[in-house]
1. Counting each DSSP H run of 4 or more residues in the chain as -39500 (n - 2.57), what helix-only mean residue ellipticity at 222 nm follows after dividing by all residues, to the nearest 500 deg cm²/dmol?
2. So, with +1 on the Cβ of K and R and -1 on the Cβ of D and E, and no other charges, what is the size of the charge dipole of the chain about its Cα centre, to the nearest 20 debye?
3. Give me the angle, in degrees from 0 to 90, between the Cα long axis of helix 308-321 and the longest principal axis of the Cα atoms of the chain, rounded to the nearest 10.
4. Work from the charge dipole of the stretch 118-254 (Cβ charges, +1 for Lys and Arg, -1 for Asp and Glu, about the Cα centre) and give the residue of Gly139, Ala158, Ile246 farthest towards its positive end.
5. As an exercise, use a Förster radius of 41 Å and the Cβ-Cβ distance of Asn183 and Trp266 to find the FRET efficiency, rounded to the nearest 0.05.
6. Cross-link list Lys23/Lys315; Lys20/Lys95; Lys23/Lys55: which exceed 23 angstrom alpha carbon to alpha carbon?
7. Using alpha carbons only, how many degrees (0 to 90, rounded to 10) separate the axis of helix 268-288 from the longest principal axis of the chain?
8. If I model a spin label as a point 7 Å beyond the Cα along the Cα-Cβ vector, how far apart are those points for Asp297 and Thr17 in nm?
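What follows draws every value from the coordinates through simple rules; no lab data is involved. As the structure is a computational prediction, the values presented were derived from the model and not from experiment. Here Cβ is always computed from backbone atoms with ideal geometry, including for glycine, and neighbour counts include all displayed protein chains.
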Amino acid sequence: MLNSLWYAVEFSNAISTSPKLLKILGRELVLYRTGDGQIQAMDNACIHRGAALAKGSIEGDCIVCPYHGWQYQQNGDCVNIPSQSPATSIAKQAKMTTYPVREKYGWIWLFLGGGEPGELISISNFPQLESGGFRSIQGKFYWNANYERVLENGLDFAHAPFVHAGAFGNPNLPEIEDLVIENYPEGASATVYLAATPPQGLWKLLVRGERKPIKTRTGFFLPNLTFLEVYLPFGQLTIWTAHVPINANTTVSKWINFRSFFTGKWADLDAYNRTIKIFEQDKPIVESQRPQIIPTDLNGEIYVAADALQLQYRKLRQHILM
Ligand code: FES
Ligand SMILES: [Fe+2]
């Protein structure tokens with residue numbers, strides 16, 4: 001795990017005053033919104049007898065355990081034990097571990113330890129994340145793979161003609177021209193023109209004549225966010241994904257798909273199915289990769305020019321691990 005970084009872990013709109021279980025890095029946490037809209041995160045197992053707080057409820061600023069009704073306030077302190085008289089003091093040890101949380105760019109971000117939390121990363125020049133004008137849908141996809149293998153798959157151009165032939169990437173034109181890399185303090189992106197394939201399904205309605213290569217940009221922000229921007233002849237498609245490490249070998253990718261065309265609800269299912277289809281094409285390949293955890297040594301695998309973005313990811317990760 002990359003300590004001392006903020007992980008994007010959940011969609012903002014998925015957190016309400018109904019507590020929600022979050023599995024991350026082998027642990028169980030509970031996320032919820034208090035009455036005033038603040039997001040909270042704490043361990044899920046109640047300090048009393050270990051019942052799941054995610055099955056509890058919110059009262060004002062407190063989360064209430066479903067087993068014996070103990071109430072925990074925002075800093076994790078237990079402030080009410082219904083079985084004892086209010087005159088009886090509450091032991092200091094009756095305290096839940098809480099975690100720093102932020103809400104930005106449509107995501108909930110968690111800081112899981114490893115020193116003091118620094119600033120949340122700043123993502124600029126991505127209008128989809130901050131303003132309207134795009135139709136968006138969201139979904140989840142589960143993998144039996146380590147999140148870094150999943151993340152790197154999102155940065156990999158050269159597999160498109162092999163794994164996604166017919167969706168994007170042309171199997172007859174697998175050569176990847178030089179990537180144009182852009183570096184950010186906590187990430188990088190690469191732009192390339194990918195050979196087009198004939199449009200399928202609904203998209204046929206939007207395409208006339210010969211198809212030119214498709215400008216495609218993909219990138220990452222540490223530790224677990226990737227994006228893919230596709231400049232189609234009829235509009236822009238962008239997918240932002242938080243790859244949440246459930247444990248070393250299981251990942252859930254929580255994705256938001258933004259599109260500037262077909263902005264009616266009627267096309268949502270088509271957009272959803274296209275996104276899932278891409279993940280499903282990737283799944284058997286990514287789950288087959290060994291070792292499951294990418295080598296920490298930069299010489300551990302071989303790189304060619306088309307792998308420049310993955311290499312940049314590994315370099316930044318290496319820098320943090322050192
Ligand atoms: S287990 Fe939570 S109050 Fe007893
Ligand atoms: Fe893929």
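1. Theoretical 222 nm ellipticity from helices: -4500 deg cm²/dmol.
2. Using only the charged Cβ atoms, the result is roughly 720 debye.
3. Taking the Cα atoms of the chain, the angle to 308-321 is about 30 degrees.
4. Result: Gly139, furthest along the dipole toward the positive end.
5. Plugging the Cβ-Cβ distance into 1/(1 + (r/R0)^6) gives 0.55.
6. Over 23 Å apart, Cα to Cα: Lys23/Lys315.
7. 90
8. My value for the distance between the label points is 5.6 nm.
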